[in-house]
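Structure record follows, encoded as structure tokens.
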Amino acid sequence: MASTARRFWIFSPMLFVTLILTPPCQAGVDWEISNTLKTPAAPLDIAASLDGKWTFVLAEGGKLLIYSDKGALEDTIAVDPAMDHIASSGLQAANMPDRIYLASGKNKTVQTVALDFSVQINIQGAPFLGPENAPVVIVAFSDFECPYCSTVGALFDEVLAKHPKEVKIVFKQFPLTMHKQAQSAALASLAAHRQGKFWAYHDLLFENQKSLSEAKYTELAKKLKLDLDRFNKDYKAPVNQQALQRDMADAQLAGVRGTPTIFVNGRRLKERNIKDLQQMISQELAKRGKGGASR
């Protein structure tokens, strides 16, 4: 043991010298200024959404400035001028809406601001009801085997009756994997759409929701006097499959997780009832100076 100790003390100075003479590692960070925001008021604090799409700036004078990832000022929200700190939470990919937390050291208060961002949804080629250029566009992601989806038609009928010139209803496919016939039913409805009979076929699918099958799709096509040869050709044609996949991809981009999911001019309807739906329609019409009533 003593010999080992002596060897340690003999070699440790050499080790010390070696460490001193070894050149240091070259460490550093590459960086660049990727964006500069010019704010209309002096910024007090800043936060960002977890998905990186939004930057939130708390500015002097009680202003909450919302910037897109491209640096464009999208909106300004009036808040308590005493607020001097900001934080954010939420993750759209997990269907967790963005929330802003504002704090005032002076007043010893914390406020929560719930944000509801509109999303862009591709509706090109999708079946719709109402005027093509209506100022309010309601997009419904639906599944023909979903029992809740079969009930929203009554909501849309009521809305179209009240706003025949202002509202457009768009149907988008989102068949859930838990429903065995949902994807086939979606493809059959798209085949009917190619013959201009989507909505009539749509209604029959929901009426026969509990007995959907390959034979049923043909039966319904016969009932509507569709060209059966064309229907059977279009049913599982690649172009039909591609249209379905586009709808499902659009649903994922919009954060859709279940059915029915309804958007009013890109804003998600949280409660499926006529009161909330009408309120959102009225808000959208008011933004466009059309009032909340049908003309």
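Rule-based calculations on the coordinates, nothing more; no lab input. On a predicted model such as this, the values are computed, not experimentally measured, just so you know. So basically every Cβ, Gly included, is an ideal-geometry build from the backbone, and we count neighbours across all protein chains shown.
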Across (1) under 16 Å from Asp116 (Cα atoms); (2) in a strand (DSSP E or B), Leu58 clears everything bar (1)
Checking Asp247, Asp276 in turn, the sole residue that is in a helix (DSSP H, G or I) and buried (at least 19 other Cβ atoms within 10 Å of the Cβ) turns out to be Asp247
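Residue-wise test of (1) within 20 Å of Lys223 (Cα to Cα); (2) crowded, with 19+ Cβ neighbours inside 10 Å.
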position	(1), (2)
Asn133	no, no
Val136	no, yes
Val152	no, yes
Glu158	no, no
Pro164	no, no
Leu190	yes, yes
His193	yes, yes
Of those in the range 258-273 that are part of a loop (DSSP other than H, G, I, E, B) and more than 17 Å from Ala134 (Cβ to Cβ), the residue farthest from the chain's Cα centre (by Cα) is Asn273
Of the candidates Leu190, Leu160, the one satisfying the condition of being assigned to a helix (DSSP H, G or I) and either within 23 Å of Gly266 (Cβ to Cβ) or small (Gly, Ala, Ser) (or both) is Leu160
Within the range 175-185, residues closer than 21 Å to Leu220 by Cα and either hydrophobic (A, V, I, L, M, F, W, C) or in a loop (DSSP other than H, G, I, E, B) (or both) come out as Pro175, His179, Lys180, Gln181, Ala182, Ala185
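For the condition touching a residue at least 60 places away in the same chain (Cβ under 8 Å) and over 17 Å from Asp247 (Cα atoms), what is the one hit in Gln173, Gln209? Don't jump to the end; show me each part of the working.
On the way: Gln173 fails: over 17 Å from Asp247 (Cα atoms).
Among Gln173, Gln209, only Gln209 is touching a residue at least 60 places away in the same chain (Cβ under 8 Å) and over 17 Å from Asp247 (Cα atoms).
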